[in-house]
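Below: one structure, written as structure tokens.
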Amino acid sequence: MDPLDGGERGARGGQDSPALDSRHWMRDMGALLALPAMWVDHRPEEIASGLLSVLSGILQLDSAYARFDDPHDGHPLEVWRPSGPSVPGELRQVLDADAVRAPGVTTRDVETGGDPGRLRVASLPLALPWEPGLVLVSAGRRDFPTDRETHLLRVAVGQAAIAVHTARRLARSQAALTAAEATVARQAELLRTLAEDLEPLLVSGARRVRDAARFAADAAPPASVEEHREAASAVRAVPPEAPGPAASAPRSCRSRGGRPRSSVSWPRVSATRRSPA
């Protein structure tokens with residue numbers, strides 16, 4: 001992506017009026033602020049590559065390099081321009097020389113041994129709390145980078161860092177969701193297989209229970225229920241015996257005074273005197 005074409009960039013130089021230069025800077029800034037919308041649903045590799053393309057077009061770079069570390073898998077994302085099997089030589093010198101980088105944009109001159117013989121390399125480390133990184137850009141201009149170019153570099157790298165972080169989080173969330181769906185699918189398949197294996201056993205068990213119930217019903221006396229019902233009806237039909245008055249005792253068992261007397265007849269015992277022998 002190049003917000004401004006090369007011809008217009010070539011026409012712009014030290015002879016630009018301040019008003020025209022301000023308009024160009026505002027247009028470049030607007031293009032950078034639109035980058036997050038363009039990078040939605042893009043992979044981190046595409047975002048990093050797009051960042052270098054944008055920087056190369058806006059800042060008229062000779063070479064560029066970007067690295068975004070990933071603390072989750074330990075494999076950093078690295079891209080560079082011009083594309084090739086290895087990082088450009090001038091940028092490799094800076095990478096090998098600066099083990100510990102100072103915060104902010106730092107610039108140094110690097111001898112290339114070719115045309116141009118010297119390049120200005122600007123380094124911008126990313127000291128982010130979630131994903132550190134580094135961006136290197138080089139150009140043959142003696143005043144590179146100017147204050148406005150430094151500001152544009154900071155804005156572009158910041159937008160790319162946020163976009164890469166967001167894309168990685170979305171990728172991890174999507175991977176976790178896919179893994180969860182796969183687990184649920186395996187569980188459902190296991191349950192389906194288990195149900196198919198147990199279905200014949202359950203059907204056979206249910207059949208045996210029905211047969212046992214039918215056998216128990218056939219073995220019981222046919223009229224047992226009716227007999228119980230008739231016996232219960234007969235018991236309910238018998239009226240209770242009403243208690244009589246005080247004279248309900250047998251008449252033969254009462255004395256003249258009204259008090260009951262014993263009707264037990266004891267056997268008579270006769271005493272016979274025996275004569276002495």
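The values are calculated or read from the model by the stated rules, or taken from the named source; none is laboratory data. Just so you know, these numbers come straight off a predicted model, no measurement behind them. So basically every Cβ, Gly included, is an ideal-geometry build from the backbone, and we count neighbours across all protein chains shown.
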Per the list (1) charged (D, E, K, R); (2) within 30 Å of Ala175 (Cβ to Cβ); (3) part of a strand (DSSP E or B), residue check on Asp73 breaks on (3)
If we scan the range 169-180, do we find a residue that is under 30 Å from Glu131 (Cβ atoms), in contact with a helix residue (DSSP H, G or I) (Cβ under 9 Å, 6 or more places away or on another chain) and in a helix (DSSP H, G or I)?
-> yes
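Filtering the range 119-142 down to residues that are assigned to a loop (DSSP other than H, G, I, E, B) and among the aliphatic types (A, V, I, L, M), which residue is nearest to the chain's Cα centre (by Cα)?
Going through the qualifying residues, I end up with Leu128.
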Please specify each residue of the range 75-93 satisfying the condition of being farther than 12 Å from Ala64 by Cα and either of a type in the set (Lys, Arg) or surrounded by 11 or more Cβ atoms within 10 Å (Cβ to Cβ) (or both).
-> Pro76, Leu77, Gln93
Could you give me the residue pairs with C-beta distances under 6 Å whose first residue belongs to the range 116-131 and is of a type in the set (S, T, N, Q), whose second residue is surrounded by 12 or more Cβ atoms within 10 Å (Cβ to Cβ) and modelled with pLDDT of 75 or more wherever it lies, and which are 6+ apart or on separate chains?
-> Ser123/Thr106; Ser123/Leu136
If a residue has to be in a loop (DSSP other than H, G, I, E, B) and more than 18 Å from Val94 (Cβ to Cβ) to count, how many in the range 49-70 make the cut?
-> 2
Got a sec? Which of Arg186, Arg172 is in contact (Cβ under 8 Å) with a residue 60 or more places away in the chain and under 18 Å from the mean Cα position of the chain (by Cα)?
-> Arg172
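Residues checked against (1) touching a strand residue (DSSP E or B) at 6+ places or on another chain (Cβ under 8 Å); (2) under 21 Å from Arg154 (Cβ atoms):
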| position | (1), (2) |
| --- | --- |
| Ala31 | no, yes |
| Val79 | yes, yes |
| Gln93 | yes, no |
| Leu126 | yes, yes |
Screening Ala185, Ala242, Ala247 for residues that are at pLDDT 50 or above, assigned to a helix (DSSP H, G or I) and not charged (D, E, K, R) leaves only Ala185
Of the residues that make up the range 57-67, is at least one more than 19 Å from Thr106 (Cα to Cα) and surrounded by fewer than 17 Cβ atoms within 10 Å (Cβ to Cβ)?
-> no
